[in-house]
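The values are calculated or read from the model by the stated rules, or taken from the named source; none is laboratory data. In this text, all values refer to a predicted model and were calculated from it rather than measured experimentally. Reconstructed Cβ throughout: ideal geometry from the backbone, glycine too, with neighbour counts over all protein chains shown.
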Amino acid sequence: MDRDKKLMEEFMNNSLDFKKINKGNIVRGEIISSSKDEVIVNINYFCDGIIKKEEILNDIISEETYKKGNEIYVYVISLDDGEGNVLLSEKKANEKRVLEELKNLYESKEKVCVFVKESLDSGLEVYFKGVRGFIPKSRVSINKVNLKDYVGKTLEVYVIEFNSSKNKIVFSRKEIEIQKAKEEKEKLINGINAGDKFLGVVKSIKDFGVFVDIGGVQGLVHKSEITHKRNFNINEMFKVGDKVEVFVLNCDKETGKLSLTMKDSNYNPFKEYKNEFIEGNIYDVTISKILSSGIIVSLNDELTGFIHISEFPEEVQNLNKEFKVGDKIKGKILLINSQDGKISLSYKKVFEDDVEEFDYKEEEVSNTLGDVFKDLFSKLK
């Protein structure tokens with residue numbers, strides 16, 4: 001037996017027609033014949049190779065899938081099965097070649113397409129050219145999903161983990177969605193301009209404002225841009241999911257930041273309250289801010305006015321010492337400029353009017369007493 005093996009090795013070494021092969025090699029062969037249980041392949045060796053049914057790539061051996069003359073890649077399982085046959089595997093050859101391809105895709109960070117075979121509690125079982133892989137649940141989508149909806153579908157993914165020795169190949173679809181969302185956002189941002197009007201959806205509510213989605217892009221409506229009113233509860237006005245009408249204040253194409261407003265630019269509060277506030281009249285106002293140049297006051301929830309420092313009595317030297325935010329005082333409207341949106345008031349003229357009225361009443365009383373005394377003296381004469 002040893003002599004026959006030695007002669008065979010010498011024959012192989014001296015042959016120019018046959019190539020040397022070893023266990024574990026992947027070689028290309030030509031199909032000679034096929035039956036329901038095996039496929040015979042010419043691998044340019046001194047004997048042909050056999051692929052058993054369990055080692056074929058397809059589920060069924062047929063003349064169409066394993067036609068005579070077709071070329072096929074096979075993996076050498078054994079050079080001798082005990083009967084002089086070379087045992088081959090199409091599955092292992094495919095796996096080795098696909099694993100090498102996946103390794104290159106992992107290193108180059110290129111996208112691949114996988115087929116979803118089954119949904120598990122922890123993710124999706126997928127296949128790439130017959131090689132099994134896995135997509136963790138957290139890597140399936142950027143949104144909350146039902147994993148069963150993906151079974152039977154082909155997904156575009158990235159290879160995010162590759163370890164052939166542990167037979168561990170992990171894919172991710174999440175990055176694909178993030179990339180697409182970014183591209184769609186950039187496309188949408190480039191089409192948005194200041195003044196554009198949108199029907200948006202409230203996504204979150206903060207103390208400083210409301211975040212609104214306008215079709216894939218979120219913008220901030222600052223609290224100061226929600227309403228013309230000055231006193232309101234932002235949490236009572238909105239809830240997540242509310243549909244709201246917004247206008248674009250500013251759109252930064254580079255950063256993607258979007259500033260929105262809910263205030264109608266055509267709204268004029270002066271027209272709304274033109275009959276309630278009239279020049280020359282005195283009104284109760286509330287101090288909202290104290291400046292070095294004067295005091296800003298609120299006439300109501302929407303209208304503010306300004307009392308210049310020159311419109312305070314001379315004895316008022318320091319506004320911060322004399323007044324504080326929240327104080328209610330009286331102010332006389334000097335001028336209403338509805339075009340500029342400004343109302344000018346005076347504090348000192350309130351008291352000047354009181355003095356004039358008091359002087360007038362004193363004079364009126366004095367004249368009346370004079371008349372009385374004059375009549376009395378005339379009777380005494």
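Just one of the listed residues (Phe358, Phe312) is surrounded by 10 or more Cβ atoms within 10 Å (Cβ to Cβ), at pLDDT 75 or above and of a type outside the set (S, T, N, Q), namely Phe312.
Quick check on the stretch 89-109: of everything there that is free of Cβ contacts under 8 Å to residues at least 24 places away in the same chain and acidic (Asp, Glu), which residue is surrounded by the fewest Cβ atoms within 10 Å (Cβ to Cβ)? Filtering the stretch 89-109 for residues that are free of Cβ contacts under 8 Å to residues at least 24 places away in the same chain and acidic (Asp, Glu), the one surrounded by the fewest Cβ atoms within 10 Å (Cβ to Cβ) comes out as Glu107. For the subset of the stretch 198-230 comprising residues that are loosely packed, with under 12 Cβ neighbours inside 10 Å and touching a strand residue (DSSP E or B) at 6+ places or on another chain (Cβ under 7 Å), which member is nearest to Asn300 (Cα to Cα)? The extreme case among them is Phe208. Could you please let me know if Lys19 is of a type in the set (D, E, K, R), at pLDDT 90 or above and surrounded by 12 or more Cβ atoms within 10 Å (Cβ to Cβ)? In short, no. Taking the listed residues Val126, Val76, Val41, Val86, the one that is crowded, with 17+ Cβ neighbours inside 10 Å and either closer than 24 Å to Val157 by Cα or touching a Pro at 6+ places or on another chain (Cβ under 8 Å) (or both) is Val126, with no other qualifying.
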